[in-house]
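Peer 1: Below is a structure I'd like to ask you about.
The values are calculated or read from the model by the stated rules, or taken from the named source; none is laboratory data. It should be emphasised that the depicted structure is a prediction, and the values quoted were computed from it without experimental measurement. Don't worry about glycine lacking a Cβ; one is built from the backbone with ideal geometry, like all the others, and counts go over all protein chains shown.
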Amino acid sequence: MEELAASKEVKIVLRSDTSTGVQILQATSGIYKVLGDQVRNEPDRIFDDPLKLATKLQSGRFDYPFVRETGVYRDSGWGGTVGRKQRTSLTTHPSALAYP
């Protein structure tokens, strides 16, 4: 994410209706705030329509962050709570929009 924030060639685009987009847009510190500030300065990079976002991604000059599950874990505490590990990924490929 740090490389993306510093890049002059590739910029971030967000979906405002996803948890990752909201997290970046509402960030008050760190790399997410930097990325959020960049997007807010160019509001044409904020989308709620996945088809319009896919068109923007096809230009090859933008990256789209999304959450990808990396596994399932079980808490050993009482109740055996089940959860999921997640990480934020970047893509320039429009097919990623099928999994917001």
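Peer 1: Can you name the residue in the range 4-22 that is closer than 22 Å to LYS52 by Cβ and assigned to a helix (DSSP H, G or I) and, of all such residues, is modelled with the lowest pLDDT?
Peer 2: LEU4
Peer 1: For the range 23-44, does any single residue satisfy the condition of being in contact (Cβ under 8 Å) with a residue 12 or more places away in the chain, buried (at least 16 other Cβ atoms within 10 Å of the Cβ) and part of a strand (DSSP E or B)?
Peer 2: no
Peer 1: Additional query: Mind listing whichever residues of the range 55-80 are in a helix (DSSP H, G or I) and either at pLDDT below 85 or touching a strand residue (DSSP E or B) at 6+ places or on another chain (Cβ under 8 Å) (or both)?
Peer 2: LYS56, LEU57
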